[in-house]
């Protein structure tokens, strides 16, 4: 159950940056370039990232997460 909840969770830009040990602007840059899939939510267009896709990004780009 916990694995399913974690996989379906949407992460914020700050959370992704923390996982990848980079600045949030770097995450935004990667998303803008299409390197990391991003979803825009709500009227403000807040960025959210799917845990599963961030995990795939980490594996395919050799980034180390916590």
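Coordinate-derived values only; no laboratory data. Remember, predicted model here, so these are calculated numbers, not experimental data.
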How high is the relative contact order of the stretch 2-61, in percent, with contacts defined as C-alpha pairs under 8 Å that are six or more residues apart? 38 percent
Taking 0.36 nm per residue of sequence separation and subtracting the Cα-Cα distance, how much length would be gained by fully extending the chain between residue 9 and residue 23, in nm to one decimal? 2.9 nm
Apply the a/c threshold of 1.5 to the C-alpha gyration tensor of the stretch 2-61 and tell me whether it is rounded, prolate or oblate. oblate
